[in-house]
Amino acid sequence: MSESALRPLHAALAAFGHIVDGHRPWPRYVLDVAGWGQLVDALGVRRWPLLGLWADGRTVHVALEDHSAAEFAVASLETRDATYHSLGAARPAAIRMERAIRDLAGLNAVGGVDDRPWLDHGQWRITTPLDAAGVRPAVRRAATDYRFLPVEGEGLHQIPVGPVHAGIIEPGHFRFHANGETLVRLEARLGYVHKGTEALMQGKSVADAARLAGRISGDSTVAHALAFCRAVEAATGVDIPARAHWVRAVMAEWERTANHLGDIGAICNDAAFAFIQAHCTVLRERVLQACAKAFGHRLMMDLVVPGGVAVDLAPEQAAAFAGLAVDLLPPFEDMCRIYDSKGSLLDRTVTTGITPRAEIERFWPPGHVGRAAGAGRDARLVPGYPPYTELSFAVPRFTAGDVDARVRVRMEEVRQSVRMIQRMLVAMPDGPLRVDVPAAPGEGMSLVEAFRGEVLGWVRLAADGTVARYHARDASWLQWPLLETAVYDNIVADFPLCNKSFNCSYSGHDL
Amino acid sequence: MLKHMVRSLFARPVTIDGPAAGDAALRELAAKVEALARRRLGRSLSIREIDAGSCNGCELEIHALNNPIYDLERFGIRFVASPRHADVLLVTGPVSLNMHEALLRTINATPQPRWIVAAGDCACTGGLFAGSYACAGALDSVVPVDLRIAGCPPTPLQLLEGLLALLEASAGKVKAAAAPPAAG
């Protein structure tokens with residue numbers, strides 16, 4: 001082990017390669033094959049969480065965090081023969097990302113532990129749509145042609161579920177292996193809602209690409225648009241007006257509140273306790289109606305735009321928000337008390353779907369999945385972005401890692417977001433809402449806290465200011481694999497409960 | 001909880017009045033609903049929802065139809081778990097090619113008479129994803145569509161207007177072009 005691997009992230013990467021100009025706000029280091037190998041070795045001994053792994057043309061980028069040094073960085077390898085050393089052994093979250101990179105960009109991870117396709121089901125009109133050497137004609141294969149992991153043992157049976165599910169949820173395939181009622185393995189197959197979003201964004205103006213970013217995952221439209229816009233603003237060095245930061249944050253916190261209200265209700269409903277869901281959906285509806293009144297769209301799509309926001313928060317609408325914030329919490333607290341007082345409900349959620357500690361440390365998942373299990377980070381605090389840097393708040397954290405803990409993280413975040421909105425409505429500065437984004441080249445990265453965890457956005461702008469490459473890594477990428485570990489040894493009937501308590505995005509993952 | 005139930009007994013319901021069936025939707029349906037279908041279904045519709053590549057925005061609003069404010073079930077419309085039980089397939093998304101086969105299989109599993117509704121701009125036109133290497137685009141490029149409900153995503157009220165139009169058509173309130181003219 002080289003000594004440089006023991007240094008903080010930036011110093012270590014500087015020893016493995018060299019820093020490049022024009023990547024903001026965190027540095028990017030270009031590594032050669034030997035340097036990339038040193039990085040892989042270092043990942044074996046350092047706890048730097050993997051934030052993202054993606055390809056831009058023939059270059060592979062990995063985003064890492066050094067928690068103790070509060071440093072963020074991107075390390076890049078320009079592949080020569082379309083291969084790079086796999087990170088999958090050191091960072092299991094990288095395994096599916098490497099499979100996606102091969103499907104999209106045609107770059108192969110050498111020494112990877114899983115060589116099956118991931119997003120490409122053999123149905124697209126072309127293969128390797130993001131390949132720098134040019135796209136290749138389609139290689140069709142049957143959509144069902146996929147090797148699920150084998151399970152051997154006496155008395156085991158298989159339950160295939162999906163992609164079309166019984167409820168109104170997104171499509172994905174779950175392959176269960178069960179012994180009687182007890183699950184011994186779950187393997188998910190995703191990619192069904194892959195829409196080629198990243199390829200569609202290439203060559204688009206930042207304004208048009210922002211609309212696509214807002215449809216990466218509809219429930220996180222504000223967060224994904226924000227991640228895109230912050231990456232573009234970092235790349236072009238634009239300072240947006242102060243008020244725009246605050247209006248964006250009001251939107252983002254209402255989005256978080258609305259989603260958590262929906263999730264808390266839906267989790268209770270999956271435990272056959274529809275009462276809380278009925279009340280939570282009414283509260284959620286009130287939030288969406290207030291947002292529609294204030295901003296003109298219930299889910300607040302297309303309102304976060306590069307350079308600022310598309311609409312202002314009018315004084316009478318700010319007053320309406322303040323009133324809603326006051327009205328929302330008492331009935332919400334009633335629901336929390338009912339949740340706490342029903343033994344039959346807690347019997348379903350407590351100790352169900354525990355994320356194993358060892359897996360939490362290997363994946364270090366963001367959002368409620370991490371925070372319910374003693375891990376987790378919050379991009380609003382670290383690295384932090386305005387206006388959260390001016391608001392003091394703590395991240396709720398539980399340690400049980402079960403369905404109940406994930407419910408409680410959401411409950412605490414609803415309280416926190418509503419109180420934060422109340423403070424923001426008072427402290428919000430006046431002023432302009434938007435500045436022009438110059439048509440200039442650059443590279444930018446952003447970390448934005450969506451309701452299910454942080455979104456990573458990375459953009460490379462061409463000389464004419466259009467999008468040359470945008471990559472969004474939804475929190476779901478780091479949470480889906482943990483669902484498979486959380487359901488182990490649970491009964492089949494508790495899977496919906498576990499799945500809803502994670503509520504990973506399919507569209508945000510499949511892109 | 002008892003307190004809440006007692007309060008609910010005496011409080012006015014939060015449910016809003018239903019909207020009138022959408023005019024545009026009624027016109028679109030008039031030609032398509034056959035008398036036979038009307039007789040069989042009466043004033044009741046079972047819907048199977050299929051996400052064919054949606055960003056999940058449409059699903060959120062379809063979910064909202066079930067909340068106490070819109071309360072879809074009071075109209076006799078309900079969501080069912082199996083296509084075998086469905087009269088209506090409510091399809092969202094720009095038909096991602098990875099979902100193409102699952103979509104066709106679900107449609108084939110739905111008994112006749114059935115209606116196919118495209119919900120949201122993606123299903124209606126392909127939306128922002130039209131032309132993608134991974135999407136078929138508008139739903140009617142894959143299967144014939146009986147009703148389109150536009151919007152990105154359509155609001156619960158817009159969805160309700162469309163579905164109520166379907167209900168009226170199936171209940172015979174709309175004169176179907178295919179039906180024989182009434183005597184006299």
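The values are calculated or read from the model by the stated rules, or taken from the named source; none is laboratory data. Everything numeric here is computed off the predicted structure, so don't read it as measured data. Methodologically, a virtual Cβ is constructed for each residue, glycine included, from the backbone with ideal geometry; neighbour enumeration extends over all protein chains shown. These area figures cover heavy atoms from the full protein model, side chains too; ligands, DNA and RNA do not enter into them. Shrake-Rupley method; radii C 1.70, N 1.55, O 1.52, S 1.80 Å.
Is one or more of the residues making up the stretch B:95-114 modelled with pLDDT under 95, within 14 Å of the chain's Cα centre (by Cα) and either among the polar types (S, T, N, Q) or not in a helix (DSSP H, G or I) (or both)? Yes, because at least one residue in the stretch B:95-114 is modelled with pLDDT under 95, within 14 Å of the chain's Cα centre (by Cα) and either among the polar types (S, T, N, Q) or not in a helix (DSSP H, G or I) (or both). Scanning the stretch A:270-287 for residues that are open to solvent by less than 30 Å² (accessible area, probe 1.4 Å), more than 9 Å from chain B (Cβ to nearest Cβ) and farther than 17 Å from A:ARG337 by Cα returns a single hit, A:VAL287. In the stretch A:128-174, the residue that is farthest from the other protein chains (Cβ to nearest Cβ) out of those that are surrounded by fewer than 19 Cβ atoms within 10 Å (Cβ to Cβ) and of a type in the set (D, E, K, R) is A:GLU154. In the stretch A:70-79, of all residues being open to solvent by 10 Å² or more (accessible area, probe 1.4 Å) and touching a residue at least 40 places away in the same chain (Cβ under 8 Å), the one that is farthest from the chain's Cα centre (by Cα) corresponds to A:GLU78.
Looking across the stretch A:369-385 at every residue that is in a loop (DSSP other than H, G, I, E, B) and farther than 13 Å from A:GLU449 by Cβ, the one that is modelled with the lowest pLDDT is identified as A:ALA375. Scanning the stretch B:138-156 for residues that are within 8 Å of chain A (Cβ to nearest Cβ) and open to solvent by 40 Å² or more (accessible area, probe 1.4 Å) yields B:CYS152, B:THR155. Which residue is nearest to B:PRO153 (Cα to Cα), if the candidates are limited to the stretch B:79-90 and must be open to solvent by less than 10 Å² (accessible area, probe 1.4 Å) and within 11 Å of chain A (Cβ to nearest Cβ)? Selected residue: B:LEU90. Scan the stretch B:118-137 and tell me whether some residue there is more than 7 Å from chain A (Cβ to nearest Cβ), within 17 Å of B:GLY162 (Cβ to Cβ), open to solvent by 40 Å² or more (accessible area, probe 1.4 Å) and modelled with pLDDT under 95. No: zero hits.
If you go through the stretch A:329-351 and pick out every residue that is surrounded by 20 or more Cβ atoms within 10 Å (Cβ to Cβ) and away from every other protein chain (no Cβ under 14 Å), you end up with 2. Of the candidates A:ARG243, A:ARG211, the single residue that is closer than 17 Å to A:TYR388 by Cα, open to solvent by 10 Å² or more (accessible area, probe 1.4 Å), part of a helix (DSSP H, G or I) and charged (D, E, K, R) is A:ARG243.
For (1) at pLDDT 70 or above; (2) within 14 Å of chain A (Cβ to nearest Cβ), each residue gets a yes or a no:
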| site | (1), (2) |
| --- | --- |
| B:MET1 | yes, yes |
| B:MET5 | yes, yes |
| B:THR15 | yes, yes |
| B:GLY18 | yes, no |
| B:ALA25 | yes, no |
| B:ALA37 | no, no |
| B:ARG40 | no, no |
| B:GLU49 | yes, yes |
| B:ASN56 | yes, yes |
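Reported count of residues in the stretch A:175-197, each being at positive phi and either open to solvent by 20 Å² or more (accessible area, probe 1.4 Å) or within 17 Å of the chain's Cα centre (by Cα) (or both), is 2. Exactly one residue among A:ALA440, A:ALA450 is in contact (Cβ under 8 Å) with a residue 24 or more places away in the chain and either crowded, with 20+ Cβ neighbours inside 10 Å or within 24 Å of A:ILE216 (Cα to Cα) (or both), and that residue is A:ALA450. Among the candidates A:ASP430, A:ASP402, the residue that is open to solvent by less than 30 Å² (accessible area, probe 1.4 Å), touching a residue at least 24 places away in the same chain (Cβ under 8 Å) and acidic (Asp, Glu) is uniquely A:ASP402. Residues that are touching a Pro at 6+ places or on another chain (Cβ under 6 Å) and open to solvent by 20 Å² or more (accessible area, probe 1.4 Å) occur at least once in the stretch A:482-493. Among residues of the stretch B:79-95 that are at positive phi, those with a beta-carbon under 9 Å from a residue that is surrounded by 19 or more Cβ atoms within 10 Å (Cβ to Cβ) and aromatic (Phe, Trp, Tyr) at least six positions away or on a different chain give the pairs B:GLY93/B:PHE129. Residues of the stretch A:289-328 that are more than 14 Å from chain B (Cβ to nearest Cβ), open to solvent by less than 20 Å² (accessible area, probe 1.4 Å) and assigned to a loop (DSSP other than H, G, I, E, B): A:PRO306, A:GLY307, A:LEU313. When the stretch B:105-140 is filtered for residues that are more than 10 Å from B:PRO94 (Cβ to Cβ), in contact (Cβ under 8 Å) with a residue 12 or more places away in the chain and not aromatic (Phe, Trp, Tyr), the ones remaining, listed by number, are B:THR106, B:ILE107, B:ALA109, B:THR110, B:PRO111, B:PRO113, B:ARG114, B:ILE116, B:VAL117, B:ALA118, B:ALA119, B:ASP140. Scanning the stretch B:97-111 for residues that are polar (S, T, N, Q) and out of contact with any Gly (no Cβ under 9 Å at 6 or more places or on another chain), we see that the one that is nearest to the other protein chains (Cβ to nearest Cβ) is B:THR106.
Among A:ARG337, A:ARG377, A:ARG371, which is the only one that is in contact (Cβ under 8 Å) with a residue 40 or more places away in the chain and either in the same structural domain as A:ASP66 (by TED's automatic domain parsing) or among the charged types (D, E, K, R) (or both)?
After ruling out the rest, the residue left standing is A:ARG377.
Right, A:LEU200: at pLDDT below 95 and over 17 Å from the mean Cα position of the chain (by Cα) or not? Judged against the criteria, A:LEU200 is not a match. Scanning the stretch B:59-78 for residues that are within 7 Å of another protein chain (Cβ to nearest Cβ) and either assigned to a helix (DSSP H, G or I) or surrounded by fewer than 23 Cβ atoms within 10 Å (Cβ to Cβ) (or both) yields a count of 7.
When A:ALA90 is tested against (1) more than 14 Å from chain B (Cβ to nearest Cβ); (2) surrounded by 21 or more Cβ atoms within 10 Å (Cβ to Cβ); (3) in a loop (DSSP other than H, G, I, E, B), just one condition goes unmet, and that condition is (2).
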